[in-house]
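The structure appears below as structure tokens.
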Amino acid sequence: MPRVAVVIPTLNEAASIGAVVASIPRDVVEGIIVADGGSTDGTAEAARRAGAQVIAAGRGYGRACIAGRASGGTGRHYRLYGW
């Protein structure tokens, strides 16, 4: 089975990020990377508690997508999770 990682760009998503991370099937996804855009509401902490790797990506959706992909290493397939 291919190695798959999910990248989730965030900005002030503390109320929902824990449930989003928890809903991702771990038998299919090897890693969950939350690329935080500078949240001030505890998003990063909530994502870590839920089991995600959190990186500081800087502001902007595109920047967060690129930073998340770059932080995950090679040999993985990446999927972006956004709404």
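The values are calculated or read from the model by the stated rules, or taken from the named source; none is laboratory data. Computed from a prediction, not measured in an experiment: that's the story for all the values here. Note that each Cβ is placed from the backbone with ideal geometry, even for glycine, and that neighbours are counted across all protein chains shown.
Side notes on the structure shown:
- Listed by position, the strands (runs of 3 or more DSSP E) enclosed by the stretch 1-70 that each have at least 1 residues that are surrounded by 14 or more Cβ atoms within 10 Å (Cβ to Cβ) and among the acidic types (Asp, Glu) are 31-36.
- Residues in the stretch 24-60 that are at pLDDT 95 or above, over 19 Å from Ser71 (Cα atoms) and of a type outside the set (D, E, K, R): 3 in all.
- Residues satisfying the stated conditions in the stretch 22-46, i.e. touching a helix residue (DSSP H, G or I) at 6+ places or on another chain (Cβ under 9 Å) and within 12 Å of Val7 (Cβ to Cβ): Ile32, Ile33, Val34, Ala35, Asp36
- The set of residues from the stretch 1-45 being touching a strand residue (DSSP E or B) at 6+ places or on another chain (Cβ under 8 Å) and farther than 22 Å from Arg63 by Cα comprises Pro2, Arg3, Ile24, Val28, Val29, Glu30.
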